[in-house]
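What follows is one structure encoded as structure tokens, with my remarks underneath.
The values are calculated or read from the model by the stated rules, or taken from the named source; none is laboratory data. None of the values given here were measured: they were computed from a predicted structure. Cβ coordinates were reconstructed from backbone atoms using ideal geometry, including for glycine residues, and neighbour counts include every protein chain displayed. These area figures cover heavy atoms from the full protein model, side chains too; ligands, DNA and RNA do not enter into them. Shrake-Rupley method; radii C 1.70, N 1.55, O 1.52, S 1.80 Å.
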Amino acid sequence: MSYFRENIERMVGYVPGEQPIAGERVIKLNTNENPYPPSPKALEILHSLDGEALRRYPDPLATRFRKVVAEVLDVPVDWIIAGNGSDDVLTMILRACVGPDDTVAYAVPTYVLYRTLTQIQAGRCVEVPYGEDYALPADSLAESAAAVTFVASPNSPSGTAYSVEQLDALAGRLDGVLVVDEAYVDFADGDCLDLVRRRENVIVLRTLSKGYSLAGLRLGFGVAQPALLEGLQKVKDSYNVDAVAAAVGAAAFADQYHKNANAEKVKISRAKLQADLTAMDFRVWPSQANFLLTRSPEGDAERIYLGLKAGGIFIRYFNQPGLDDKLRITVGTDEQNAALTGAIKEIR
Ligand SMILES: *Cc1c(COP(=O)(O)O)cnc(C)c1O
């Protein structure tokens, strides 16, 4: 006997990367957080908030935050929808577009939440395998004729980014919605925002969790033509962006200088970490994100992961076919990365 819908009973549920116990001192390179602090201007706003700012319900549409985004990205404000993290925008898309037995397509491995959210809707996942080079399997995705197709660009856990031309061609072959998840765009060489101007079936997702060092705040947004956002607005939680997130997030997004400066530091550290791992004979996939996918010469990923964890260094190990010989390592500060490579040398 179960209280749950059949699909909920069957599904596993999303398992987030492990969080250290409060007070435990670890080097945390497992969930792609930014190693640098958020914008001081955002923290100033945070510290200035008083009871009056919290007494009332927040603006259901987070208009002030969206205006800042619109100005920075040079898109109309009604092309932007804000969410409690970009995960929340993903939820809205699935709620609005996917019912029982509707198809959702994406290449794997990628962000596991796409599967979880599809299963919650009792939708049907079509998971197209990526090859070793993580090239986009555009034909298979297009042939899936899905209600929603996801492409994370840069992808996680590979760090691979896809071009505007590639995604534009894919969007043109789809009757359904193409979601381009740009959670890691701040560390990439390009972006696909221009697609939303060209294609009415594309939504581009962004988050303040990675580039802006605000994973704990929970703020993200989607950019699409207003007709596509209309359906999402109907299904979103009424007050999905709280007053603190909206105010702090607006200041953080306005401070592009701070974000870009930190992203540059991360990119320099990424190149150094890649070189150090390569010098240890690890294979490292080229990454445009703030993490590296890597394989030790022996493919003993679980052993390295557990050895590092015992020494207080968290990285991501995925116990699943095709990935269980690889590790995903968030790029930390140079000091953290040196501690990591030093610890790996000792374990081996
Ligand atoms: C981190 C991440 C997100 C979402 O992050 P939020 O914290 O919910 O904004 C979305 N997609 C991918 C691929 C991610 O890695």
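Miscellaneous remarks
- Verdict on E335 being closer than 18 Å to Y36 by Cα and surrounded by fewer than 18 Cβ atoms within 10 Å (Cβ to Cβ): yes
Residues are listed down the side, and each one gets a yes or a no for (1) among the acidic types (D, E); (2) within 16 Å of the ligand (Cβ to nearest atom); (3) surrounded by fewer than 17 Cβ atoms within 10 Å (Cβ to Cβ); (4) closer than 30 Å to A261 by Cβ:
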| position | (1), (2), (3), (4) |
| --- | --- |
| R10 | no, no, yes, no |
| R55 | no, no, yes, no |
| K67 | no, no, yes, yes |
| W79 | no, no, no, yes |
| G85 | no, yes, no, yes |
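- Verdict on G216 being in contact (Cβ under 8 Å) with a residue 60 or more places away in the chain and either within 16 Å of the ligand (Cβ to nearest atom) or of a type in the set (G, A, S) (or both): no
- Spans of helices (runs of 4 or more DSSP H) in region 220-293 with at least 2 residues of a type outside the set (A, V, I, L, M, F, W, C), at pLDDT 95 or above and within 21 Å of the chain's Cα centre (by Cα): 256-279
- Residues satisfying the stated conditions in region 331-348, i.e. assigned to a helix (DSSP H, G or I) and of a type in the set (G, A, S): A338, A339, G342, A343
- Restricting attention to region 200-211, the residues that are under 18 Å from V72 (Cα atoms) and either part of a helix (DSSP H, G or I) or more than 10 Å from the ligand (Cβ to nearest atom) (or both) total 3.
- Residue count for region 100-112 under the criterion of being under 13 Å from D87 (Cα atoms) and open to solvent by less than 20 Å² (accessible area, probe 1.4 Å): the result is 0.
- Taking the criterion of being closer than 24 Å to A96 by Cα and open to solvent by less than 20 Å² (accessible area, probe 1.4 Å), the residues of region 124-141 that qualify are V128, L141.
- Condition check for V151: within 16 Å of the ligand (Cβ to nearest atom), open to solvent by 10 Å² or more (accessible area, probe 1.4 Å) and under 29 Å from P286 (Cα atoms): no
- Among the residues of region 306-319, those that are outside any strand (DSSP E or B) and within 22 Å of the chain's Cα centre (by Cα) comprise I315, F318, N319.
- Considering the conditions (1) outside the structural domain of L90 (by TED's automatic domain parsing); (2) closer than 25 Å to E165 by Cα, V266 is excluded by exactly one of them, (2).
- Cross-chain or 6+ apart pairs with Cβ under 8 Å, region 102-128 first and within 13 Å of the ligand (Cβ to nearest atom), then of a type in the set (A, V, I, L, M) and open to solvent by 40 Å² or more (accessible area, probe 1.4 Å): V112/V15; T116/V12
- Take the conditions (1) open to solvent by less than 50 Å² (accessible area, probe 1.4 Å); (2) out of contact with any strand residue (DSSP E or B) (no Cβ under 9 Å at 6 or more places or on another chain); S144 misses just one of them, which is (2).
- Selected residue [at negative phi and of a type in the set (G, A, S)] from A145, A161: A161
- S140 vs. criteria of a type in the set (S, T, Y), more than 25 Å from V12 (Cα to Cα) and away from the ligand (no atom under 16 Å from the Cβ): yes
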